[in-house]
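The values are calculated or read from the model by the stated rules, or taken from the named source; none is laboratory data. Just so you know, these numbers come straight off a predicted model, no measurement behind them. Note that we place each Cβ from the backbone using ideal geometry, even for glycine, and neighbour counts take in every protein chain shown.
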Amino acid sequence: MAHYDVIVVGCGPAGLKAATELKKAGVNVLGIDKQTDLAKNFRSASGYFITDQEMNGEYISLEPVGKNTKIHYRNCGFTIDYSGLLEPIHHTHIVSHSQMHLQITSTQKPLFNLFNPTKWLSDRYGEAQKAGVPFLTNTLVLKVKEGPQGVEVTIRKDGSTSTLTGNKLIASDGLQSRIAQNLGFNRSRAMFGKGCTVEYEMDNLDVPYDRGDIFIFGDKNIGLSAAVIMIPSMRSKKAYRVETLSPIPAEMATRIIEFMIHDGALAKWFRNAQIVEKTGAIVGIAAPIKVPHRGNVLLVSDAAAFAETLYQGATMCGYMAAKAMVDELAGKDGFAGYTRWWNSTFEWNTNPLRMADYTKRSLIFRFITPDELDLLFDLGALIEKLKIMRTADMGTWASLVSKAKEKMAK
């Protein structure tokens, strides 16, 4: 029976970073993942990255180096290399039920930066390989339990079942963490529900707006009372990741995108589009686990989270988890240190309002109808007109009246 100092289950951005840092520290570590190719993104991931402002207790800055980028995590104190440049995005859009359009532009700094999720994972996997981390891929973890040597992990690979042991275990297996469920971490959690997302990455779209993310709602556009988010893709200047915000079953999410592409009021955007890739995910919404460890097991990133920590958050969770494990193996209380960091960093651990903020963009359509949201757009236009009237001189007023008459004549 193979034995390791630390077993890392789930090798996305958090698990890859944790395994790499542990190996660099001289720890006998093993990574396990159900996917075959750890250098490729298989899950819906819009690929946006927040910099130059505090987010989740961290301040991240970008340093372009030729055609690559160094990404500095100031508070956690580490830097990662990204084999490309991130694209700054300054515009965001909302398209209403009746195709009214609101654009918001940031002139001082980007609203967010685009990156390629597969490239991010490929970089982290390459770093892990360079460090010499061994992996078991295409491997399903069936059960984890405490044993006399720390933890016992039952796995299935190529149709065969076997057992591994380790002193400690990092569970970074996502929002639907099997390990959290298996070990009873979810028993006292408030479960708020599940939603699904389906994402089509498409190229050669004819979008008439400045390059930015687009929030679309209304059954005239997408066929149901739900929403779609379009995030620009770095594949090309005419490429977007089109992602649903919808209830389960997943068939509804696919139906939304297909309606928007072929039958919705915005279908003309997609006449020449090519679908490059389809991905999906089930997103479980549950209260965060405030104490993300028990015995010899540490839950990391999404496995203990209320919602997605995103690639930037997951990567720093992996780094901090590795530091905690090094302390644990040295006889120090590293899990307590990680727990303090976890609860002081991610706001929704201490502020329930931040949990509500995350869900409002999808639940709003079960509370406010598309027609009511259209009315809000109309009110915004009316307010702007009243502002113009308030400050208009006689010349401006005469011009406005003339334009109004011409519009009525048409």
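Key figures for this structure:
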{"item": "Extreme residue, modelled with the lowest pLDDT, among residues of the range 322-359 that are in contact with a Gly (Cβ under 9 Å, 6 or more places away or on another chain) and surrounded by 23 or more Cβ atoms within 10 Å (Cβ to Cβ)", "result": "F346"}
{"item": "Candidates K34, K70, filtered to the one that is within 30 Å of G150 (Cα to Cα), of a type in the set (K, R) and not assigned by TED's automatic domain parsing to the domain that holds A226", "result": "K34"}
{"item": "S172 being under 18 Å from the mean Cα position of the chain (by Cα), closer than 24 Å to L329 by Cα and of a type outside the set (F, W, Y)", "result": "yes"}
{"item": "A314 vs. criteria in a loop (DSSP other than H, G, I, E, B), within 34 Å of the chain's Cα centre (by Cα) and either crowded, with 17+ Cβ neighbours inside 10 Å or at pLDDT below 70 (or both)", "result": "no"}
{"item": "Leading residue by the ranking (nearest to Y82 (Cα to Cα)) among those in the range 32-53 that are assigned to a strand (DSSP E or B) and modelled with pLDDT under 85", "result": "Y48"}
{"item": "Number of the condition not met by S301 [criteria: (1) out of contact with any strand residue (DSSP E or B) (no Cβ under 9 Å at 6 or more places or on another chain); (2) farther than 30 Å from Q149 by Cβ; (3) among the hydroxyl-bearing types (S, T, Y)]", "result": "(2)"}
{"item": "Scan of the range 182-215 for residues that are hydroxyl-bearing (S, T, Y) and farther than 23 Å from H293 by Cα, ordered by number", "result": "T197, Y200, Y209"}
{"item": "Residues of the range 72-113 satisfying the condition of being without any contact (Cβ under 8 Å) to a residue 24 or more places away in the chain and buried (at least 17 other Cβ atoms within 10 Å of the Cβ)", "result": "L85"}
{"item": "Filter result (of a type in the set (A, V, I, L, M, F, W, C) and either crowded, with 21+ Cβ neighbours inside 10 Å or within 17 Å of D206 (Cβ to Cβ) (or both)) within the range 216-226", "result": "I216, F217, I222, A226"}
{"item": "Residue that is modelled with the lowest pLDDT [pool: residues in the range 294-311 that are more than 21 Å from Y73 (Cβ to Cβ) and of a type outside the set (S, T, N, Q)]", "result": "F306"}
